[in-house]
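In what follows, a single structure is set out as C-alpha cells and then discussed.
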Amino acid sequence: MLSKSIEAALNKQIRIEAESSQVYLAMAVWAEVKGLEGISNFMYDQSDEEREHMLKLVKFVNERGGHAHISELNAPNVEFNSFRKMFEKLLAHEIFVSESINELVHISLQEKDYATHNFLQWYVAEQIEEEAVARTILDKINMIGDDKGGLYLFDRDIQQLTVNSAAQDLNTGA
Ligand SMILES: [Fe+2]
Ligand SMILES: [Fe+2]
C-alpha cells in the first residue's frame, strides 16, 4: 500500500513524464516542419518513450492501491530558434527529470517504501542513458556548428541513434 505522500510524489512524476512527452512532441513537429525527417523521427520516438514512462508509473500507482492522477499539462515551447537550442533544451529537460527521480528515490527511502524504491531503479538507469544520448547529440551539433552539409548528415545519422536506443530498450526489457 502506498502512503499518501509517496502517492502524491509518484503522481507528480506522472505529470512530469506526460509533459516530457508533450515537450518532445513539440520538438518533433518543429523539426518536421523544418524538413529534417531524421531529427523529427527521433523526437517522435522520444515522445512515445516518455508516454511509456508515464504509463509505467500509472500502472504502478494503481497496482499498489493508489489512484493515478491524470492532470492538465503545461503547454510546451513550440519555437526553438535553432537545432542546437532545441537539443540544449532536451538535455536541460532530462537533467530536470533526473533530479525529480532522485528526489522520488530520496522520499521512498525516507518512508522506508522499498517496493517503490526498487521500482524507481529502472528510472534511475533510464535517466543515465537519456542524459548520455542528449550529451552525445549536443557534442555532435557543436562540432557541426553552422555547416548545412553537416546538419544534413547528422539528420541522416540520428536515425541510427534511434535504432541503438531501441535495441538497448529490448535488452533491458523496457
Ligand atoms: Fe522519462
Ligand atoms: Fe526522458
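The values are calculated or read from the model by the stated rules, or taken from the named source; none is laboratory data. Bear in mind that the values here come from a model prediction, so they are computed numbers and not experimental data. Neighbour counts are summed over all protein chains in view; Cβ atoms, including those assigned to glycine, are modelled from backbone coordinates with ideal geometry.
Among (1) within 20 Å of Q160 (Cα to Cα); (2) in a loop (DSSP other than H, G, I, E, B), where does M43 come up short?
The failed condition is (2).
For residues in segment 46-79 being assigned to a helix (DSSP H, G or I) and away from ligand 1 (no atom under 16 Å from the Cβ), which is farthest from A18 (Cα to Cα)?
Just the residues of segment 46-79 that are assigned to a helix (DSSP H, G or I), to begin with: 46-63.
Adding the requirement that they be away from ligand 1 (no atom under 16 Å from the Cβ) leaves 62-63.
Numbers: N62: 17, E63: 19 Å.
Filtering segment 46-79 for residues that are assigned to a helix (DSSP H, G or I) and away from ligand 1 (no atom under 16 Å from the Cβ), the one farthest from A18 (Cα to Cα) comes out as E63.
Filter segment 82-107 for residues that are surrounded by 13 or more Cβ atoms within 10 Å (Cβ to Cβ) and either outside any helix (DSSP H, G or I) or aromatic (F, W, Y) (or both); which is farthest from ligand 2 (Cβ to nearest atom)?
The selected residue is F83.
Looking at segment 110-124 only, could you name the residues that are in a helix (DSSP H, G or I), of a type outside the set (S, T, Y) and loosely packed, with under 13 Cβ neighbours inside 10 Å? Before you say what the answer is, go through the steps one by one.
We begin by selecting, within segment 110-124, every residue in a helix (DSSP H, G or I); these are 110, 114-124.
Applying the additional criterion that residues be of a type outside the set (S, T, Y) yields 110, 115, 117-122, 124.
Hits for segment 110-124 are Q110, N118, Q121.
In segment 1-56, what residues are under 21 Å from I101 (Cα atoms) and of a type in the set (S, T, N, Q)?
Passing the criteria: S3, S5, N11, Q13, S20, S21, Q22, Q46, S47.
Y152 is checked against (1) more than 16 Å from R15 (Cα to Cα); (2) more than 18 Å from the chain's Cα centre (by Cα); (3) at pLDDT 95 or above and fails just one. What number does that condition carry?
In the conditions (1) more than 16 Å from R15 (Cα to Cα); (2) more than 18 Å from the chain's Cα centre (by Cα); (3) at pLDDT 95 or above, Y152 misses (3) alone.
Select from segment 60-81 the residues that are out of contact with any helix residue (DSSP H, G or I) (no Cβ under 9 Å at 6 or more places or on another chain) and surrounded by 11 or more Cβ atoms within 10 Å (Cβ to Cβ) and list them in ascending order.
The answer is N62, E63.
List the pairs whose first member sits in segment 90-102 and is closer than 19 Å to T136 by Cβ, whose second member is among the polar types (S, T, N, Q) and within 11 Å of ligand 1 (Cβ to nearest atom), and whose Cβ atoms are under 7 Å apart, counting only residues at least 6 apart or on separate chains?
Qualifying pairs under 7 Å: H93/S20; E94/Q127; V97/S20; V97/Q127; S98/Q127.
Going by the structure shown, is M1 within 28 Å of Q121 (Cβ to Cβ) and at pLDDT below 95?
Taking the combined requirement at face value, the residue satisfies it.
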